[in-house]
Amino acid sequence: MLVLEDGSRYVGRAYGSEGQTLGEIVFATGMTGYQETLTDPSYAGQIVLMTAPHIGNTGANDEDMESRKIWVSGFVVREPARVASNHRSTRTLDADLNAGGIVGISGIDTRAITRRIRSAGAMRSGIFSGDTFGLSDGEQLERVRAGASMRGRNLSDDVSTVEPFSIPPVGERIGSVAVLDLGVKTSTLNFLAERGFEVLVLPQSVTAEHVLSLKPSALFFSNGPGDPAASDKHVTLLREVLRAGVPYFGICFGNQLLGRALGFGTYKLPFGHRGINQPVLDKTTGKVEITSQNHGFAVDMPIEGVLESKAGFGKVEVSHYSLNDQVVEGIRCLDIDAFSVQYHPEAAAGPHDANYLFDRFRDVVVARNAAAADAGETK
């Protein structure tokens, strides 16, 4: 049984583990990449409904894992594949869900639920199977409504690495990048290393003093779950490192935290952007990018005009925005080396239109290195 906060109920078949799970229900529109979705830490605390009707066709493998485990609170599909068929498959998706203790449901009208979420917004929900299926309607709904809301919730500590670790650069080393792990994906770290960065992955609990003691060439804030308004300590860290002159690039949660660090607010979207087909306009080039996204919060900024940072970082502007609903999808600072985007340019699995952003980040550091070398020769 899938029960939504508004009292609507959907009967289906148990999928994956049996039991009870609670979380905010959201829908993801990707027709491929279910394994990347499940292992994206940004989905922590959420029950994910897949709008594509057939899920599990290509099985699962170790190469497509975006982190160390499945993070979703629950999984909702219309029709799970009876047979996994792909030359890269080593196991079935159902086996992964069972191994991860993920409670799911199948055989229900996912299109109807998607329409309800689009109309009423993302809401608390629960899946009940096994012994909990027999609970009364009122008891199930009471448990759902007693669950935690995503608004005001900080989940960074749940998904971040406990110990720091590093990844060596691929090819010539251009410098180091300190990555604050707020729920980072493996492909993001690989793309940074492929640009010549020595990648220093840090727990979300580190201080600005620790970050600066590493003397990084740049700072990167990753994607992650939760409400950016509940991450004051990360905003403080970012402001201190920006004031020290360290270049910055952030994605998704890192975009929202840059917005807050610059002095702007954030707000919760009705049902968020989740999928690999989200159209975004790059205001600089006029080019439309099809992007991979997973966010339920956004930065509160006007999408036109040059603005003054309320926190003293000079002029800033919105660099990208959504063509679906004009939500801020990117921020660029004009007086310091800092920029961010709301979507996932590593795009695993998804389009690669925005991959150039990693090159842009690399170019910023290379230019800084060249300027420092020229200054040294002048002296």
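Please treat every number below as a calculation from the coordinates, not as lab data. Worth saying up front: this structure is predicted, and the values here are computed from it rather than measured. FYI the Cβ positions are ideal-geometry reconstructions off the backbone, even for glycines, and counts take in every protein chain you see.
Once you list every other residue whose beta carbon is under 15 Å from the beta carbon of GLU209, what net charge do they have if Lys and Arg are +1 and Asp and Glu are -1? Combined, the nearby Lys, Arg, Asp and Glu give +3. DSSP beta bridges confined to the chain are antiparallel in about 60 percent of cases. Sorted fewest first by neighbouring Cβ atoms within 10 angstrom, LYS315, LYS215 come out as LYS215, LYS315. What fraction of the DSSP beta bridges in segment 2-145 is antiparallel, stated in percent and rounded to the nearest 5? Percent antiparallel among DSSP bridges in segment 2-145 is about 55. Let me make sure I get this right: for segment 2-145, a, b and c are the square roots of the gyration tensor eigenvalues over alpha carbons, sorted descending. Under 1.5 in a/c it's rounded, otherwise prolate if a/b > b/c, else oblate. Which is it? It comes out prolate by the Cα gyration axes. For GLU163 and ASP363, a Förster radius of 25 Å and the Cβ-Cβ distance give a FRET efficiency of 0.20, rounded to the nearest 0.05.
Using the Cβ-Cβ distance between VAL288 and ARG115 with R0 = 22 Å, the FRET efficiency computed as 1/(1 + (r/R0)^6) comes to roughly 0.25. Applying 0.36 nm per residue to the separation of LYS215 and ASN277 and subtracting their alpha-carbon distance, the gain on full extension is 18.5 nm.
Of the options TYR15, THR110, THR37, report the single residue whose Cα projects farthest towards the positive end of the charge dipole of segment 2-145 (beta-carbon charges: Lys, Arg +1; Asp, Glu -1). Going by the charge dipole, the pick is THR110. Packing, taken as the mean count of other beta carbons within 10 Å per residue, orders the peptides 180-186, 32-38, 104-110, 355-361 from highest to lowest as 180-186, 32-38, 104-110, 355-361.
If you plug the beta carbon distance of LYS315 and THR236 into 1/(1 + (r/R0)^6) with R0 = 22 Å, you get a FRET efficiency near 0.50.
Roughly how far apart, in whole Å, are the Cα centres of segment 1-39 and segment 205-258? First find each Cα centre; the distance between them is then 32 Å.
The protection proxy used here, the mean number of other Cβ atoms lying within 10 Å of each residue, ranks peptides 218-225, 72-79, 140-147 as follows, highest first: 218-225, 72-79, 140-147.
By the helix-only formula, in which each DSSP H run with n ≥ 4 contributes -39500 (n - 2.57) and the sum is divided by residues, the chain has a 222 nm mean residue ellipticity of -7000 deg cm²/dmol. Put a plus charge on the Cβ of each Lys and Arg, a minus charge on the Cβ of each Asp and Glu, and nothing anywhere else: the dipole of the chain about its Cα centre is then about 420 debye. Once a ≥ b ≥ c are taken as the square roots of the eigenvalues of the Cα gyration tensor of segment 241-344, is the result rounded (a/c under 1.5), prolate (a/b larger than b/c) or oblate (a/b not larger than b/c)? Cα axes put segment 241-344 in the prolate bin. Kindly identify segment 156-374 as rounded, prolate or oblate by the Cα gyration tensor criterion: order the square roots of the eigenvalues as a ≥ b ≥ c, call it rounded if a/c is under 1.5, otherwise compare a/b with b/c, prolate if a/b is larger, else oblate. Rounded, since a/c falls under 1.5. The peptide list 17-24, 267-274, put in order of mean Cβ contacts within 10 Å with the highest first, becomes 17-24, 267-274.
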